[in-house]
1. For Asn184 and Ile199, compute 0.36 nm times the residue count separating them, minus their Cα-Cα distance, and round to one decimal in nm.
2. Just to compare against my own numbers: the Cα pair-distance distribution for the stretch 173-253, 5 Å bins, whole % per bin, please.
3. Heads up, I need the accessible area for His182: 1.4 angstrom probe, whole protein in place, Å², nearest 10.
4. Using a 1.4 angstrom probe, figure out how much accessible area the stretch 138-181 has per residue, in square angstrom, rounded to the nearest whole.
5. What is the set of long-range amide H partners of Asn168 at a cut-off below 5 Å, with H atoms built 1.01 Å from backbone N?
6. Explain nothing, just compute: Karplus ³J(HN,Hα) = 6.51 cos²θ - 1.76 cosθ + 1.60, θ = phi - 60°, for every residue of the stretch 233-245 in order, whole Hz, x for Gly and Pro.
7. Quick one: what are the phi-derived ³J(HN,Hα) couplings along the stretch 136-149, Karplus 6.51/-1.76/1.60 with θ = phi - 60°, whole Hz, x for glycine and proline?
8. Percent of accessible area on the stretch 153-233 owned by carbon and sulfur, 1.4 Å probe?
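The values are calculated or read from the model by the stated rules, or taken from the named source; none is laboratory data. Fair warning: this is a prediction, and the values are worked out from it, not measured in the lab. With ligands, DNA and RNA removed, areas are computed over all heavy atoms of the protein, side chains included. Shrake-Rupley method; radii C 1.70, N 1.55, O 1.52, S 1.80 Å.
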Amino acid sequence: MWGWITGFVGITGASVLSVVKESWAAHLSVSVAIVCLLVVTGKVLWILHKAQQRHYPKGYLPISAIARFSTLDGKFFKYEAVRHIQIKTAWMKGFDHKFFWTGSNQPRIVSSLQIPEPTFSDEPDGYKKVELKFKAPKFYNDTEVIHFEMSIDDSDQKSSPFLSFDVNNPMQLLEFRVDLIHANKAYMKNSARLERRLIKVNQSHPYERCEIIPFDGMTKSYRAVVIDPSPGYSYRLIWEKPAVQGVPKAKKS
């Protein structure tokens, strides 16, 4: 009897040991498969990330941009920009905006949608840069409307009258608007020029004229709209300053 029990226990133990071994082998196979899958997935994600960086080096897809200059007296003015973008990186905490300012007084900046840094940084190419922090991080394929407004004292008339925008990637719309509320009747026949030039050329390289924009006497403004602007070009709208009370008439550009 004891021999039968011993034999039964031995067979049962061997069976259990066999099941345990098979279970461990199965778990090991699954673990190896998961590790391989994670390695392959990581590699694919890294390749996609590098491809996105090459295609969208700034981490976003520009959709549209609107720049507006407005003044009541020709001495103090506001510059407002609204940009629509789509995030093309894993995540983004803020947006850097570069602008070219030729005046002598530092602009003051506010935003309805982001948190602007209080100071500007100077870029090697002569531009200034301001960082706009998002109120919450944005993730891949999120869309975001960028907004900021600058209040500028140009009572010394040192600034040059133009708006410019660099088109680095394909986008759908670029719009410039200039409101010169102080313009008198003598100014009504004036026109602005919409121009462009390659971004990579020397700063002294002349602009190519795209369009003449007549001054709208009803709204006292210039407005230029570019549909599907060409990537690789810097666009600008340039105009002559209207006469300002107490200031000699501005020379033509």
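1. Fully extending the segment from Asn184 to Ile199 adds 1.8 nm.
2. 3, 14, 23, 21, 16, 12, 8, 3, 0
3. Probe radius 1.4 Å; accessible area of His182 about 40 Å².
4. In whole numbers, the stretch 138-181 has 42 Å² accessible per residue.
5. Distant-sequence amide H within range of Asn168: Gly232.
6. 10, 9, 9, 8, 10, 10, 9, 8, 5, x, 5, 10, 4
7. The phi angles translate into 8, x, 10, 10, 3, 6, 5, 9, 9, 9, 8, 9, 7, 9 Hz.
8. 50 percent
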